[in-house]
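Quick notes on the structure that follows.
The values are calculated or read from the model by the stated rules, or taken from the named source; none is laboratory data. Note that this is a predicted model, so its numbers are computed, not measured. Ligands, DNA and RNA are excluded from the accessible area calculation, which covers all protein heavy atoms including side chains. Shrake-Rupley method; radii C 1.70, N 1.55, O 1.52, S 1.80 Å.
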Amino acid sequence: MSSQQLILDKITNVLKATPTNLEADLLKIVDEAGRIFIGGAGRSGLVSRFFAMRLVHSGYKVSMVGEIVTPSIQSGDLFIVISGSGETETLLPLVRKAKSQGAKLVVISMKAKSTMADLADLVIPVGANDTDLFAKTHGMPMGTTFELSTLVFLEATIATLVDKKGLTEEGMRAIHANLE
């Protein structure tokens, strides 16, 4: 089997196990939010940036946590955090701070139960908490399966959002950064 097919099969199995209602739940909490703050560490942080960018293109007010121009989070805001373990040490204080300020919390993780999940308003356990789906696979080291599966889940969520809101490529492109 080719490496490409191995990766595609692995991601497909993880996404098949992910509860289908979570996309709608995520879109509902996003729509209800005043402002959206998104964060993650390492490669999960990169995935969070992909999602943040598409939410901006879809007309939402989004800030990346940790940027110098990120405003303070407040009641009515939403913090979406991506953490495979749900225990990322650098993110836990941010999660606690967001909750103490009255913000809602979405945790996207491999684990349905974790310190972050215990604080969350919505937990999205990518792969439905099936640790066997994330077992080490040759050629997919150190969280690759979670990161790629989460990216595909969130891209599919954006596709649903674009369709639901009737957004156009031209309209989204008009919002896209032009100081690149």
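See the values below:
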item: Solvent-accessible area per residue, Å², over region 1-144 with all protein chains present [probe radius 1.4 Å]; result: 52
item: The chain pair-distance distribution - Cα-Cα, 10 Å bins, rounded %; result: 10, 38, 35, 15, 1, 0
item: Accessible surface of the chain, 1.4 Å probe, proportion on carbon and sulfur as whole %; result: 56
item: Reciprocal of mean inverse Cα separation for region 1-105 (Kirkwood radius, Å); result: 15.0
